[in-house]
Amino acid sequence: MNTKVGSIELFGGDYEHVLGLSQTRNGIDITYTIRPLLEIFERMLAEQAYEACEFSLSNYIMLKDRGADWLFAVPVFPYRAFRHSTLFVRRDSSLREPSQLRGKRVGIPDYSMTAAVWTRGILGEQYGVHWSEMRWTASGRQRFAAFEGIKIDFVQEDLEQALIEGRIDTLLTPHTEDELKPAEQRQLRRLIADAQAAEEAYVDQTGVYPINHVIVLRKDALARLANLPRAVFDAYAACKAAAYKRRLGTTLMPWGARHWTKVFDKFGGNPLPYGLTELNREVVAKLAGFLHDQKLIKTVPDVDALFISESRDFEE
């Protein structure tokens with residue numbers, strides 16, 4: 001008999017592989033609530049708002065480096081993304097490849113976001129351009145107040161407009177308003193024209209599919225619900241297994257079934273592995289190394305120490 005021991009609300013993004021996440025596991029009723037991820041991250045940083053939520057992996061590592069003892073991670077990684085498509089230039093720009101970014105002015109909405117950490121790391125690793133060789137301009141509200149040893153110009157303006165008007169050379173952002181316009185009206189283009197080819201080359205070279213988000217649990221929630229890490233891990237794993245079985249997306253997109261097979265073959269049948277597998281340890285360690293090189297953390301952490309002790313052996 002599965003005796004109910006409590007309940008928790010878990011906040012995160014809107015993905016196909018979390019459908020059905022509201023369920024009972026290990027006697028814990030889990031209610032999954034979808035919210036804008038930026039809102040979740042900002043509220044978690046500002047007010048520790050959620051007992052359980054999806055969170056920026058780079059920001060989590062930065063918090064632990066700064067001594068935060070109120071949140072802890074479970075090795076569930078609900079969102080991964082390649083970052084070769086995050087660099088935008090004007091359509092008439094002379095810039096054609098990342099190696100030309102030395103000395104250029106690069107705009108960025110949030111300097112510490114995981115997308116930016118991965119992009120800067122990949123620029124150095126794959127294209128030989130170190131982050132310190134570029135001039136950084138940030139706008140908007142930064143998640144972390146100061147970055148010692150990093151030169152950033154802070155401005156109060158729309159960076160996409162600044163790029164269009166030529167005040168910066170490149171914009172590092174996952175998405176732009178410009179790309180929502182009809183093709184003939186767009187003023188920007190991606191710096192890496194064939195981003196997918198570059199991403200596939202990166203996988204072939206490194207084996208890495210970049211992890212961007214992780215599931216974190218607040219300290220008081222762990223004290224209240226002893227089986228919470230296991231319950232959360234198993235709920236995510238069950239939903240992902242169901243999504244894999246349904247082959248989501250293959251009936252909606254033309255050629256989706258063939259693309260599904262190609263991608264799953266490339267990633268050994270599991271493009272979104274959970275748990276501290278050898279590969280996941282390598283990916284988290286790579287991100288931590290980028291954070292240290294970029295002066296966002298002072299010490300490279302032991303990967304296992306970032307995760308709740310009993311969750312380190314969880315397997316799907």
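Within the set 286, 298, the sole residue that is basic (Lys, Arg) and within 17 Å of residue 211 (Cα to Cα) turns out to be 286. Being out of contact with any Asp or Glu (no Cβ under 9 Å at 6 or more places or on another chain), of a type in the set (Val, Ile, Thr) and part of a helix (DSSP H, G or I) is a property that does not hold for residue 250.
The residue that is nearest to residue 197 (Cα to Cα), among those in the range 60-103 that are outside the structural domain of residue 273 (by TED's automatic domain parsing) and assigned to a helix (DSSP H, G or I), is 98. Across the range 208-225, the qualifying residues are those that are in a helix (DSSP H, G or I) and touching a residue at least 60 places away in the same chain (Cβ under 8 Å), and the one among them that is nearest to residue 70 (Cα to Cα) is 219. Counting only residues that are touching a strand residue (DSSP E or B) at 6+ places or on another chain (Cβ under 9 Å), of a type in the set (Gly, Ala, Ser) and within 27 Å of residue 292 (Cα to Cα), the range 18-72 holds 2 of them. Identify, from the list 250, 261, 277, the residue that is among the β-branched types (Val, Ile, Thr) and surrounded by fewer than 14 Cβ atoms within 10 Å (Cβ to Cβ). Answer to the selection: 261. Of the candidates 14, 65, the single residue that is touching a Ser or Thr at 6+ places or on another chain (Cβ under 8 Å), touching a residue at least 12 places away in the same chain (Cβ under 8 Å), closer than 27 Å to residue 144 by Cβ and surrounded by fewer than 21 Cβ atoms within 10 Å (Cβ to Cβ) is 65. Might you check whether a residue that is under 30 Å from residue 196 (Cα atoms), among the β-branched types (Val, Ile, Thr), touching a strand residue (DSSP E or B) at 6+ places or on another chain (Cβ under 6 Å) and part of a loop (DSSP other than H, G, I, E, B) occurs anywhere in the range 105-116? So far as the range 105-116 goes, no, none of its residues is under 30 Å from residue 196 (Cα atoms), among the β-branched types (Val, Ile, Thr), touching a strand residue (DSSP E or B) at 6+ places or on another chain (Cβ under 6 Å) and part of a loop (DSSP other than H, G, I, E, B). Evaluated against (1) under 14 Å from the mean Cα position of the chain (by Cα); (2) under 22 Å from residue 228 (Cα atoms); (3) of a type in the set (Phe, Trp, Tyr); (4) buried (at least 21 other Cβ atoms within 10 Å of the Cβ), residue 50 falls short on exactly one condition, (1). Only a single item in (1) outside any loop (DSSP other than H, G, I, E, B); (2) under 28 Å from residue 289 (Cβ atoms); (3) touching a residue at least 60 places away in the same chain (Cβ under 8 Å); (4) not assigned by TED's automatic domain parsing to the domain that holds residue 288 is not met by residue 192, and it is number (1). Return a yes/no flag: does the range 88-105 have any residue that is within 22 Å of residue 60 (Cβ to Cβ) and out of contact with any Asp or Glu (no Cβ under 8 Å at 6 or more places or on another chain). Checked the range 88-105: no residue is within 22 Å of residue 60 (Cβ to Cβ) and out of contact with any Asp or Glu (no Cβ under 8 Å at 6 or more places or on another chain). The strands (runs of 3 or more DSSP E) located wholly in the range 125-185 that include 2 or more residues which are touching a Leu at 6+ places or on another chain (Cβ under 9 Å) and under 30 Å from residue 44 (Cβ atoms) occupy 135-139, 170-172. If the condition is being of a type in the set (A, V, I, L, M, F, W, C) and modelled with pLDDT of 85 or more, then the range 142-156 contributes 144, 150, 152, 154, 155. Taken across the range 293-309, residues that are farther than 30 Å from residue 149 by Cβ, outside the structural domain of residue 123 (by TED's automatic domain parsing) and either buried (at least 16 other Cβ atoms within 10 Å of the Cβ) or of a type outside the set (Phe, Trp, Tyr) (or both) do occur, with at least one present. Can you go through 33, 86 and tell me which one is within 21 Å of residue 236 (Cβ to Cβ) and either in contact with a helix residue (DSSP H, G or I) (Cβ under 8 Å, 6 or more places away or on another chain) or of a type outside the set (A, V, I, L, M, F, W, C) (or both)? It is 33.
The values are calculated or read from the model by the stated rules, or taken from the named source; none is laboratory data. None of these values were measured; they are calculated from a predicted model. Glycine gets a Cβ as well: all are built from the backbone with ideal geometry, and neighbour counts include every protein chain shown.
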